[in-house]
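The values are calculated or read from the model by the stated rules, or taken from the named source; none is laboratory data. All figures in this text were calculated on a predicted structure; none of them were measured in a lab. Don't worry about glycine lacking a Cβ; one is built from the backbone with ideal geometry, like all the others, and counts go over all protein chains shown.
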Amino acid sequence: MKHDFIDRYARLESPVHALDPRAKTIALFVIIIACVTTPPQDWWPFAIYGALVLIIANASKLPTSYLLTRVLVVLPFLLVVAVFVPFMHEGGPTFDLGLFSVSRDGLLVLWNVTVKAIISVVCLIILSSTTPFSDLMRGFERLHVPHFFTTVAAFMYRYVFIIVDEAERMKRARDSRNFRARWLWHARVIGYMIASLFMRSQERAERVYQAMSARGFDGTYPRWTESKMFAADYVFMFAVAATAIAGRLAVLWT
Amino acid sequence: MDVIPIAPQVAIRIVDLSYSYPDGRRALNSVNLIVHRDETVGIMGPNGAGKSTLALHLNGILSGQGLVEIMGLEVKKKNLREVRNMVGLVFQDPDDQLFSPTVKEDVAFGPLNQRLSPEQVDHAVSRALAWVGMEGFEDRSPFHLSFGEKKRISLATVLSMHPEIMVLDEPVSNMDPRGRREFIELIDTLEATKLVITHDLAMTREVCDRVVVMDKGEIVTDGRPEDICSDRLLLERHGLI
């Protein structure tokens, strides 16, 4: 079965792909933090963050259509916020839109959520799409993210599709026997499927552990490659971080 | 005394080994077996005969009553590291064996656990991948590979540890005919004492020097492949044809 990996474009060749995962992680997280802490009244710091993100995205050679479809994940959340905008009446002048009216502060809330969500999500998409998953995890480890989290994430990346495949096969076998959803016993069959999926995963975990033990695994995860940060990594990291922080600090002084 | 001196030609010595599963089901019933160095022994038998259970005793993943010795070293907690360096187990489902995000990390896993230096690990990885004809796959994710490719990489993950003894659990099950043929040829080129668990008669005939038939947790016959594979009555009685 064919699956869409989060690091599908991670092996393209571009200046962004070539950067050390740590440099990318730090630079992009600085943008995110600067962005979400900026008050929404001023639009121009967001223009700075947006420009930074656009420049990096452009340099990364990720297909635009791919970026756009990935950004769509924030849409449901924005819609939820948008639905409530007409009910926020306090603050600022109101604008009459026929069926309902919106206040300036209501729109500000929407703008705030929208711009911050989109910039943050694009940052994360760039990070996860330009770095092979294993390198990303190793980068996180070097940044002192606990081994437990990176190991669990690495196992999940490896096995989630096998579990999805298993579920898919089970579903096909079930549907081939003319299963049709009727309320009560529908739920029961789904329950059985989840239970059996859990059992299978449990058994697989057991076998994977045996296979690891057979190769001398004693509970500590061995590492051997040491990646180095080069001048270009430092330049990128400091240039991006400094620009984002400058944008954030400028708001304080004006 | 921990180590019983025996002739170094004996790779595996199993004396009166019994094992019951936690639920009480008896999986092995006083098994005795000696495998000499550089021998290739086929272990045949129907499903549930105890073949895989026996294999898991060879490096101490399971431990029952009785004695198991690898190259003269008793398999017990104290010796596990040495034993696991000497016995390479290739599991049936390559998705169980390959758990790392990239092929390279998986092949390096054993050597890293052996605490080799980075250069030695690199060397072991490239040599093992070359041996199974999978050079250039270092950075691929195991999930992207075909079944046959995964099987080869699984073999490489054990070869990289340079084991004296290779235990292959159902090495060619679920493979297409060409993949099967190529894999059998590959197994034949491995320089190690080999234990091949299978119910593939043709493969047994091709690669094995000796065949042991197991049924219901016991060894029922031990002989030359051509004799056993032509004994219809025996094969039928133990569900092999």
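From B:V167, B:V196, which residue is away from chain A (no Cβ under 14 Å) and outside any helix (DSSP H, G or I)?
None of the other options fit; the residue is B:V196.
Residues checked against (1) within 30 Å of A:M237 (Cβ to Cβ); (2) of a type in the set (G, A, S); (3) touching a strand residue (DSSP E or B) at 6+ places or on another chain (Cβ under 6 Å):
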position	(1), (2), (3)
A:M137	yes, no, no
A:P146	yes, no, no
A:V152	yes, no, no
A:I163	no, no, no
A:G191	no, yes, no
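Considering the range B:199-213 alone, what residues qualify as being at pLDDT 90 or above and either touching a Pro at 6+ places or on another chain (Cβ under 6 Å) or not in a helix (DSSP H, G or I) (or both)?
Within the range B:199-213, B:T204, B:R205, B:C208, B:D209, B:R210, B:V211, B:V212, B:V213 qualify.
Just checking, which of B:A108, B:A128 is more than 10 Å from chain A (Cβ to nearest Cβ) and surrounded by 22 or more Cβ atoms within 10 Å (Cβ to Cβ)?
Testing whether each residue is more than 10 Å from chain A (Cβ to nearest Cβ) and surrounded by 22 or more Cβ atoms within 10 Å (Cβ to Cβ) leaves just B:A128.
Yes/no matrix, rows are residues, columns are (1) in contact (Cβ under 8 Å) with a residue 60 or more places away in the chain; (2) touching a Ser or Thr at 6+ places or on another chain (Cβ under 7 Å):
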| residue | (1), (2) |
| --- | --- |
| A:A23 | yes, no |
| A:P40 | yes, no |
| A:G50 | yes, no |
| A:L68 | no, no |
| A:F77 | no, no |
| A:A82 | no, no |
| A:F87 | no, no |
| A:F95 | no, yes |
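If A:W253 passes every condition in (1) without any contact (Cβ under 8 Å) to a residue 24 or more places away in the chain; (2) more than 14 Å from every other protein chain (Cβ to nearest Cβ); (3) in contact with a Lys or Arg (Cβ under 7 Å, 6 or more places away or on another chain) but one, which one does it miss?
The number of the failed condition is (3).
Output yes when any residue across the range A:166-179 is polar (S, T, N, Q), touching a residue at least 24 places away in the same chain (Cβ under 8 Å) and part of a helix (DSSP H, G or I), and no when none is.
no
Each row is one residue, and each column tells you yes or no for (1) small (G, A, S); (2) surrounded by fewer than 21 Cβ atoms within 10 Å (Cβ to Cβ); (3) in contact (Cβ under 8 Å) with a residue 24 or more places away in the chain.
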site	(1), (2), (3)
B:V132	no, no, yes
B:G136	yes, yes, no
B:H162	no, yes, yes
B:G179	yes, yes, yes
B:T198	no, no, yes
B:E206	no, yes, no
B:R210	no, yes, yes
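Determine whether A:A205 is modelled with pLDDT of 90 or more, surrounded by fewer than 18 Cβ atoms within 10 Å (Cβ to Cβ) and either β-branched (V, I, T) or assigned by TED's automatic domain parsing to the domain that holds A:P39 (or both).
no
So, in the range A:83-110, how many residues would count as being in contact with a strand residue (DSSP E or B) (Cβ under 9 Å, 6 or more places away or on another chain) and part of a loop (DSSP other than H, G, I, E, B)?
So the answer is 6.
Within the range A:120-152, can you find the residues that are among the small types (G, A, S) and under 16 Å from A:P21 (Cα atoms)?
Listed by number, the residues that qualify are A:S128, A:S129, A:S134, A:G139.
Check B:S63, B:S154, B:S141 and return the single one that is in contact (Cβ under 8 Å) with a residue 12 or more places away in the chain, hydroxyl-bearing (S, T, Y) and more than 9 Å from chain A (Cβ to nearest Cβ).
Just a single option satisfies the conditions, and that option is B:S63.
Out of the range B:96-105, which residues are more than 7 Å from chain A (Cβ to nearest Cβ) and among the charged types (D, E, K, R)?
If the condition is that a residue be more than 7 Å from chain A (Cβ to nearest Cβ) and among the charged types (D, E, K, R), then B:K104 is the only one that fits.
Restricting to the range A:191-234, give me the number of residues that are under 30 Å from A:L28 (Cα atoms), part of a helix (DSSP H, G or I) and touching a residue at least 24 places away in the same chain (Cβ under 8 Å).
3
Specify the residue that is surrounded by the most Cβ atoms within 10 Å (Cβ to Cβ); the eligible residues are those in the range A:117-134 that are part of a loop (DSSP other than H, G, I, E, B) and within 14 Å of chain B (Cβ to nearest Cβ).
A:T131
When you scan the range B:4-16, do you find a residue that is in contact (Cβ under 8 Å) with a residue 24 or more places away in the chain, within 29 Å of B:N174 (Cα to Cα), surrounded by 16 or more Cβ atoms within 10 Å (Cβ to Cβ) and more than 14 Å from every other protein chain (Cβ to nearest Cβ), even just one?
yes
Out of the residues in the range A:222-245 that are surrounded by fewer than 18 Cβ atoms within 10 Å (Cβ to Cβ) and among the aromatic types (F, W, Y), state the one that is nearest to the other protein chains (Cβ to nearest Cβ).
Among those residues, the one meeting the criterion is A:W224.
Kindly indicate the residue of the range A:152-184 that is away from chain B (no Cβ under 11 Å) and acidic (D, E) and also surrounded by the most Cβ atoms within 10 Å (Cβ to Cβ) among those meeting that condition.
By that ranking, first place goes to A:E168.
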